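Report on one structure; see the data block that follows.
Each value in this text was obtained by applying a stated rule to the coordinates, not by laboratory testing. The shown structure was predicted, so the numbers you read here are calculated from the model rather than taken from an experiment. Because the Cβ atoms are built from the backbone with ideal geometry, glycine has one as well, and the counts that use them run over all protein chains shown.
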Amino acid sequence: MSYTVIVSFSRDHPFEFRFLDSDSALFTQEAAHQWLDQEWENLGCEPTNPVGKVLRLDKVLLVAKEAGEKRFAENGDWARRYVRAVVAALGRDTVHVNVAEHEVG
């Protein structure tokens with residue numbers, strides 16, 4: 001199976017990541033949630049919901065936002081882990097994380 005994750009911080013410059021399940025070991029859904037939770041803590045993310053509840057989509061979006069555009073531009077190990085965690089956590093083969101518009105689709 002092939003996967004595509006697009007992370008955009010502006011309309012003009014999206015970062016597109018494509019990979020196959022054979023490229024490397026994929027996260028299980030549980031491991032993906034744990035990785036996103038750990039990155040949430042490492043990056044000092046704060047809930048946007050006034051009640052304090054953090055939804056899965058909020059985690060995906062805010063981890064990307066706090067990590068910053070540079071990490072995705074570098075296309076390094078962190079970015080590759082992030083996109084694999086996102087597809088596993090959301091159970092989708094295509095995801096667009098639009099930081100600028102605060103949307104995950």
- Message: Net charge within 15 Å of Ala31 by Cβ-Cβ distance, Lys/Arg positive one each and Asp/Glu negative one each, not counting Ala31 itself?
- Response: +1
- Query: Out of Leu62, Leu20, Leu90, any idea which swings most in a Gaussian network model of the chain, alpha carbons joined below 10 Å?
  - Reply: Leu20
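Excluding the sites themselves, what is the longest stretch of the chain that contains no trypsin sites (Lys or Arg not before Pro) in a DSSP loop with at most 11 other C-beta atoms within 10 Å? Intermediate values should be presented prior to the final figure.
Numbers: sites that count: Arg11, Lys53.
The segment 54-105 is the longest one with no such site.
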- Relative contact order (percent, whole number), the stretch 44-105, Cα cutoff 8 Å, 6+ residue spacing: 33 percent
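Starting from the Cα gyration tensor of the stretch 2-104, take the square roots of the eigenvalues, sort them a ≥ b ≥ c, and report rounded, prolate or oblate (rounded when a/c is under 1.5, otherwise prolate if a/b is larger than b/c, else oblate). It would help to have the intermediate numbers written out before the result.
On the way: a/c = 1.62, a/b = 1.19, b/c = 1.36.
Taking the square roots of the gyration eigenvalues as a ≥ b ≥ c, the stretch 2-104 is oblate.
Subtract the Cα-Cα distance of Ser2 and Arg92 from 0.36 nm times their separation in residues, and report this length gain in nm to one decimal.
31.4 nm
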- Query: GNM, the chain, Cα, under 10 Å: largest mean-square fluctuation among Ala67, Ala85, Ala31?
  - Reply: Ala31
- Item | Projected label distance in nm at Ala73 and Ala31, using a 7 Å step from Cα toward the beta-carbon | 3.1 nm
- Message: So for the stretch 2-104, averaging the separation of alpha carbon pairs under 8 Å that are six or more residues apart and normalising by length, what relative contact order in percent results?
- Response: 44 percent
